[in-house]
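Read through the structure below, which is laid out as structure tokens, and then see the notes.
The values are calculated or read from the model by the stated rules, or taken from the named source; none is laboratory data. Please read all numbers here as calculations on a predicted model, not as lab measurements. Positions of Cβ are backbone-derived with ideal geometry, glycine not excepted, and every protein chain shown enters the neighbour counts.
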């Protein structure tokens, strides 16, 4: 490999949020950033920029927009004009601006659940009603209940559907057929699609990420796509994302909301890091997935040896949804088991909604040494339970 993902990076004692919540005896495997160093071209461009010694306000970067468009074309075959791409300081801030621009308090926002916790929070805090369409295990994967989905989309005040693909936390990578059916239902009921594709690069063998807006011009005109290099290249701290929209009216309305909320100021290093990642670091994205898949194999092998936890092997993301209900513990007891017995810091499943009862989420984007140690701890704790 060109990049050394086996390198153990010492993050404890820095400002890493991932490590600040736990003592030195707990291995944090929760928040969605990786324990891997960024690709060297990203480090180099940031060091070069910092060496200039002047960090004043930057102008809007056309190169940034071009890099966003380039990545979509070469990785996913979506040929979108750079002019349709625009900076936002994070996927969630971008979605909030879109939600404010395209709906009103009291309107409905439909989404698949369990769901990334900020999705629910941002809707509730902005006066929107959340309609939860639960993904349920069917034939070895999490399946969409299209009857329930259409019922929600048909409600009079449903204005938006929030799609997370690949899905966090279940790891589903939706097929072209599923995405097409979703898109057709949203067109039928005049519901705009907001699609969070931040995990687009983390897709395992046998699966393929398809940008929702790439399926048809009609879908593109009825949707807004949000992307960020953060999950792939571990640059979340730069707060640099983008939204992509080919519909001038929708894009203009979101742009105004971004301006109103002062979300237009690009990050000096974030802009440079994203450009370098998307123009020079294809190798890193490819190697990352290959490395993660082996970590996933190790997790699946470990879980297969116990009857206390089950999982449906994810198709994408490095965030794995563990079903721990057979352990017979309350949710509080479950959290304490992982932290105090297994010495692992995982995400509490209940924060992903009521569907997360009895579940935990584990982040496998760490060195093989850390992953092996985590599996040793988990195995020992389960045997002692």
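One line per residue, one yes/no per condition, for (1) under 22 Å from residue 373 (Cβ atoms); (2) more than 23 Å from the chain's Cα centre (by Cα); (3) at pLDDT below 95:
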position: 310; (1), (2), (3): no, no, no
position: 320; (1), (2), (3): yes, no, no
position: 336; (1), (2), (3): yes, yes, no
position: 353; (1), (2), (3): no, no, no
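So which residues in region 223-251 are touching a helix residue (DSSP H, G or I) at 6+ places or on another chain (Cβ under 7 Å), without any contact (Cβ under 8 Å) to a residue 40 or more places away in the chain and surrounded by fewer than 20 Cβ atoms within 10 Å (Cβ to Cβ)? Of everything in region 223-251, just one residue is touching a helix residue (DSSP H, G or I) at 6+ places or on another chain (Cβ under 7 Å), without any contact (Cβ under 8 Å) to a residue 40 or more places away in the chain and surrounded by fewer than 20 Cβ atoms within 10 Å (Cβ to Cβ), namely 247. Within region 186-222, the residues that satisfy the criterion of being within 20 Å of residue 247 (Cβ to Cβ) and in a loop (DSSP other than H, G, I, E, B) are 189, 190, 191, 197, 210, 211, 215, 216, 222. For region 365-385, the criterion of being assigned to a loop (DSSP other than H, G, I, E, B) and modelled with pLDDT under 95 is met by at least one residue.
Let's see how each residue does on (1) touching a helix residue (DSSP H, G or I) at 6+ places or on another chain (Cβ under 7 Å); (2) buried (at least 17 other Cβ atoms within 10 Å of the Cβ):
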residue: 8; (1), (2): yes, no
residue: 27; (1), (2): yes, yes
residue: 35; (1), (2): yes, yes
residue: 42; (1), (2): yes, yes
residue: 47; (1), (2): no, no
residue: 60; (1), (2): no, no
residue: 73; (1), (2): no, no
residue: 78; (1), (2): yes, yes
residue: 81; (1), (2): yes, no
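Looking at region 132-148, which of its residues are over 23 Å from residue 199 (Cα atoms) and touching a strand residue (DSSP E or B) at 6+ places or on another chain (Cβ under 7 Å)? Result: 148, single match. Filtered by the rule that a residue be out of contact with any helix residue (DSSP H, G or I) (no Cβ under 9 Å at 6 or more places or on another chain) and either crowded, with 18+ Cβ neighbours inside 10 Å or not in a helix (DSSP H, G or I) (or both), region 290-315 gives 292, 296, 312, 315. For region 146-165, the set of residues classified as under 22 Å from the mean Cα position of the chain (by Cα) and either part of a loop (DSSP other than H, G, I, E, B) or free of Cβ contacts under 8 Å to residues at least 24 places away in the same chain (or both) consists of 165 only. Restricting 264, 250, 254 to residues that are in the same structural domain as residue 222 (by TED's automatic domain parsing), part of a helix (DSSP H, G or I) and either at pLDDT below 95 or under 26 Å from residue 317 (Cβ atoms) (or both) narrows the list to 254.
Taking region 174-184 on its own, how many of its residues are buried (at least 19 other Cβ atoms within 10 Å of the Cβ) and in a helix (DSSP H, G or I)? Going through region 174-184 one residue at a time, the tally reaches 3. Taken over region 52-77, the criterion of being under 13 Å from residue 242 (Cβ atoms) and assigned to a loop (DSSP other than H, G, I, E, B) is satisfied by 60, 61. In the condition set (1) closer than 22 Å to residue 257 by Cβ; (2) in contact (Cβ under 8 Å) with a residue 60 or more places away in the chain; (3) in a strand (DSSP E or B), residue 132 is compliant with all but (1). Yes or no: residue 13 free of Cβ contacts under 8 Å to residues at least 24 places away in the same chain, on the phi > 0 side of the Ramachandran plot, surrounded by fewer than 16 Cβ atoms within 10 Å (Cβ to Cβ) and in a loop (DSSP other than H, G, I, E, B)? Yes; evaluated as a whole, the condition is true for this residue. When 254, 264 are checked against the criterion of being surrounded by 17 or more Cβ atoms within 10 Å (Cβ to Cβ) and touching a helix residue (DSSP H, G or I) at 6+ places or on another chain (Cβ under 8 Å), a single residue qualifies: 254. For region 347-364, the tally of residues that are outside any helix (DSSP H, G or I) and closer than 14 Å to residue 117 by Cβ stands at 6.
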